Amino acid sequence: MLSNPEDTIYLRALEPEDLDFIEQVENDSQYWHLSGTQKPFSRHILRQYLAESHRDIYEVKQLRLVISLKADKNIGLLDFYDFDPQNRRVALGVIIFDPKYRQSGYAYTAVKQACEFAQEHLKVHQIYAGILADNHPSIQLFEKLNFKRTGVQKDWVLCQGTFKDQYLYQLINHVY
């Protein structure tokens, strides 16, 4: 799991000091196909986004959290989006930005914590994720966390001139 027990992770709210990290992640074009981004974000726009990030998930239907190491090093982002309180569901996305922290248990811990938060505090009935069919590490991660593949969206994402299938994964909470 975690390569160093001292490097436990925690999820935290965005802070103005995260501007450089957010800019680095959002403006890395190799990940734009995952979010539908088509051009870089200016520092001004990202600064505005950070200034508004305190708004309630019930109002803006999304919540972004920073995945940080205990030593206050940002290693990734976790997003709740398309929050639907009426139907008690929310979408989840995660990225461990620095490759040296990938496949070391950090994403597993972050997603597990996020699912517990969503179920306990948002009272969601289901959490879902769209995962590209060729993203085997993410598929393994979500299946390890008991998400079930419930569908396929054919030719859903255009990535470097090729259409890729996307799988729908769901975690149903039978308590809510």
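Using the scaling law 2.2 N^0.38 Å as the reference, what is the normalised Cα Rg of segment 8-66?
Numbers: Rg = 12.1 Å, N = 59, 2.2 N^0.38 = 10.4 Å.
Relative to the rule-of-thumb radius for its length, segment 8-66 sits at 1.17.
Surface composition of segment 37-172: carbon and sulfur atoms hold 48% of the protein heavy-atom accessible area at a 1.4 Å probe.
The amide H of ALA133, built 1.01 Å from its N in the peptide plane, has ASP165, GLN166, TYR167 as neighbours under 5 Å, considering only residues 5 or more places off or on other chains.
Which shape class, rounded, prolate or oblate, goes with segment 22-132 when its Cα gyration tensor gives a ≥ b ≥ c as root eigenvalues, a/c under 1.5 marks rounded, and past that a/b bigger than b/c marks prolate? Provide the component values of the computation, followed by the final result.
Working: a/c = 1.56, a/b = 1.19, b/c = 1.31.
It is oblate, given that a/c is not under 1.5 and a/b is not larger than b/c.
Among beta bridges from DSSP that stay inside segment 74-153, the antiparallel ones total about 70%. The residues of the chain expose on average 59 square angstrom of accessible surface per residue, using a 1.4 Å probe on protein heavy atoms.
Considering only beta bridges that DSSP places wholly inside segment 18-176, some 90 percent are antiparallel. Length available on full extension from GLU143 to THR8: 0.36 nm per residue minus the Cα-Cα distance, which gives 46.4 nm.
Once every DSSP H run of n ≥ 4 in the chain is given -39500 (n - 2.57) and the sum is divided by its residues, what mean residue ellipticity at 222 nm do you get, rounded to the nearest 500 deg cm²/dmol?
Working: 6 runs with 51 residues, N = 176.
Per the formula, -8000 deg cm²/dmol.
Placing unit charges on the Cβ atoms of the charged side chains and taking the dipole of the chain about its Cα centre, the candidate lying farthest along the positive direction among SER138, PHE97, ILE75 is SER138.
On full extension of the chain, what length is gained from TYR49 through VAL175, given 0.36 nm per residue of separation minus the C-alpha to C-alpha distance? Don't jump to the answer; show the numbers that get you there.
Numbers: separation 126, 0.36 × 126 = 45.36 nm, distance 3.42 nm.
This chain segment gains 41.9 nm when fully extended.
Rounded to the nearest 20 debye, the dipole size of the chain about its Cα centre is 480 debye, using +1 on the Cβ of Lys and Arg and -1 on the Cβ of Asp and Glu. Calculated FRET efficiency, LYS112 to SER42, Cβ-Cβ distance, R0 = 22 Å: about 0.05 to the nearest 0.05. Of TYR58, ILE22, TYR10, which is farthest towards the positive pole of segment 1-80's charge dipole, taken about the Cα centre with +1 and -1 on the beta-carbons of Lys, Arg and Asp, Glu respectively? Projecting each Cα onto the dipole axis, the largest value belongs to TYR58.
Taking Cβ atoms as reference points and 12 Å as the exclusive limit, the residues near TYR108 contribute a net charge of +2, counting Lys and Arg as +1 and Asp and Glu as -1. Placing a label point 7 Å from the Cα of GLN153 along the Cα-to-Cβ direction, the residues of segment 80-100 whose backbone N falls under 18 Å of that point are 80-84, 89-95.
Projected label points at PHE163 and ARG102, each 7 Å from Cα along the beta carbon direction, are separated by 2.6 nanometres.
The values are calculated or read from the model by the stated rules, or taken from the named source; none is laboratory data. If you're wondering where the values come from, they're calculated on a predicted model, not measured in any experiment. A quick note on method: Cβ atoms are made from the backbone with ideal geometry, for glycine too, and the neighbour counts reach across all protein chains shown. Surface accessibility is based on the protein's heavy atoms, side chains included, excluding ligands, DNA and RNA. Shrake-Rupley method; radii C 1.70, N 1.55, O 1.52, S 1.80 Å.
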